[in-house]
């Protein structure tokens, strides 16, 4: 078949008007594709702005419920919860993660009591918001994060969150085998419809700094997380991680961070028939905000262009701190 040539083919024809561009658009982004990460803190009526995340705050549980109501109003599908555990409750074994009345569980129950199934609640399963050393798991006397021992605690943490009403359990710790352990525990305890979104390809990235400030673990972290999070030089390894998590019972998988790893998203989407999500992480958010503040780019345009890039790469949805702002733009 001979390809058409200029001037018989003018590719600019379908770009010449806004209605035509909309009609032939190959991808789109809508509020339903967004998951909004929210940070929880102790108290009542509390809003604590996060200096390294301009426009993002920690909220007490009552404020989290208000944000959840706003998410539903905007058409956002789901909120993701992350606690800023008080320092006096952080221990080497992260035992506060198993407290049925911890910040995460209280916020989850409050949202579900207020909104029921009108809004999804995703809960983070990892120990770094609860440990005194800032790592995602239990650490031995040599500073090494223990895999199997940590996985056993993560199972109890996941059940704690499921009992509080979590719709999606999202293990973000990168321990081997924990998806199968958690899936078995959920099935065995009757939580058969609780989803697992596995952080399958979570890289040891320089883009996480503001998040660690938000959950209060940044100043606590001893060493780095390179023995359990992925090496950013690797892509084949990401596919092996995804394959393992799917085999163990993950309903969806995540690539994190987002924009620096669009190639990984595309490869995962092409290889596996599961929903793929990206986390546009705190450092990515902060870069957009800094560019806009410096006059180096239009904030609204940068937000929508980057979110559409995730959809074009194959994402079913995106976790982003810009979720509410993007939803307002998309809603007109």
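Laboratory data are not the source of any read-out in this text; all were calculated from the coordinates shown. This one's a predicted model, so the numbers in the text were calculated from it and none came from an experiment. Every residue, glycine among them, receives a Cβ derived from its backbone with ideal geometry; neighbour counts consider all protein chains shown.
As a check on your grasp of the helix formula, calculate [θ] at 222 nm for the chain: sum -39500 (n - 2.57) over DSSP H runs of n ≥ 4, divide by the residue count, round to the nearest 500.
-12000 deg cm²/dmol
Between residue 294 and residue 57, how many nm apart are label points set 7 Å from Cα along the C-beta direction?
My value for the distance between the label points is 2.8 nm.
What's the center-to-center distance, using Cα atoms, between region 147-201 and region 68-88 in Å?
With region 147-201 and region 68-88 each reduced to a Cα centre, they are spaced 19 Å.
Provide the FRET efficiency to the nearest 0.05 for the residue 231-residue 140 pair, computing r from the beta carbons and using R0 = 22 Å.
Efficiency computed from Cβ-Cβ geometry: 0.50.
If I model a spin label at residue 28 and residue 15 as a point 7 Å from the Cα along the Cα→Cβ vector, what separation in nanometres do I get?
2.1
Only counting other Cβ atoms within 10 Å, I'd like 153, 255 sorted with the fewest neighbours first.
153, 255
Between residue 100 and residue 266, take the C-beta separation as r, use R0 = 25 Å, and let me know the FRET efficiency to the nearest 0.05.
Plugging the Cβ-Cβ distance into 1/(1 + (r/R0)^6) gives 0.05.
Give me the number: length gained by fully extending residue 118 to residue 206, i.e. 0.36 nm times residue separation minus the C-alpha to C-alpha distance, one decimal in nm.
28.1 nm
Sorted from fewest to most neighbouring beta carbons within 10 Å, what does the list 36, 59 look like?
Fewest-to-most Cβ neighbours within 10 Å comes out as 59, 36.
Tell me the angle of helix 178-188 to the major Cα principal axis of the chain, expressed in degrees between 0 and 90 and rounded to the nearest ten.
Once rounded, the angle reads 70 degrees.
Report, in degrees rounded to the nearest 10, the 0 to 90 angle that the Cα long axis of helix 103-115 makes with the longest principal axis of the chain.
For helix 103-115, the angle is close to 60 degrees.
Based on the Cβ-Cβ distance of residue 328 and residue 187, what FRET efficiency does E = 1/(1 + (r/R0)^6) give at R0 = 41 Å, to the nearest 0.05?
0.55
Classify the chain: rounded, prolate or oblate, from the alpha-carbon gyration tensor (a ≥ b ≥ c, eigenvalue square roots; a/c under 1.5 rounded; otherwise prolate if a/b is larger than b/c)?
Prolate shape, in that a/c is at least 1.5 and a/b is the bigger ratio.
What distance in nm separates the two pseudo spin-label positions at residue 152 and residue 176, each 7 Å out from Cα along the beta-carbon direction?
Reported label-point gap for residue 152 and residue 176 is 1.8 nm.
If you line up the long axis of helix 282-293 against the longest principal axis of the chain, both from Cα atoms, how many degrees apart are they, to the nearest 10?
That works out to roughly 50 degrees.
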